[in-house]
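> Please find one structure pasted underneath; my questions will follow.
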Amino acid sequence: MAKKDEKIIIDPKEFAQMVLPGSPKKDDEDDLVYIKRQLRLYLEALMLAQDFNDLEKHNLMWLSKPNVMQFYKKLSSGGIEQK
């Protein structure tokens, strides 16, 4: 676990690859539908890790606790705008 003053950096590709096994193919699922679902899941996980890293780059210590919680709530809901 990281120390309080250490920043946590997530490898986006590794994170996205680790998410995929948690979403196995359903018995009645068409292959194309499954592949599209896996691709969407991979890309969403990749972007989530990148968003987290972007937030982590900035020192959030100057923010009040409610503002930090709002940032992380936006991050977890996909509310961070992409550049």
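> With the full set of protein chains in place, find how many percent of the accessible area of the stretch 15-60 is carbon and sulfur; take the probe as 1.4 Å.
On the way: 1980 of 3240 Å².
Taking all protein chains in place, the stretch 15-60 shows 61 percent carbon and sulfur surface.
> What area, in nm² and to one decimal, does the C-alpha convex hull of the stretch 1-56 cast on average over all directions?
Answer in nm², one decimal: 4.4.
The values are calculated or read from the model by the stated rules, or taken from the named source; none is laboratory data. A quick note: this is a predicted structure, and the numbers were derived from the prediction, not measured. We work out accessible area using only protein heavy atoms, side chains counted, and drop any ligands, DNA or RNA first. Shrake-Rupley method; radii C 1.70, N 1.55, O 1.52, S 1.80 Å.
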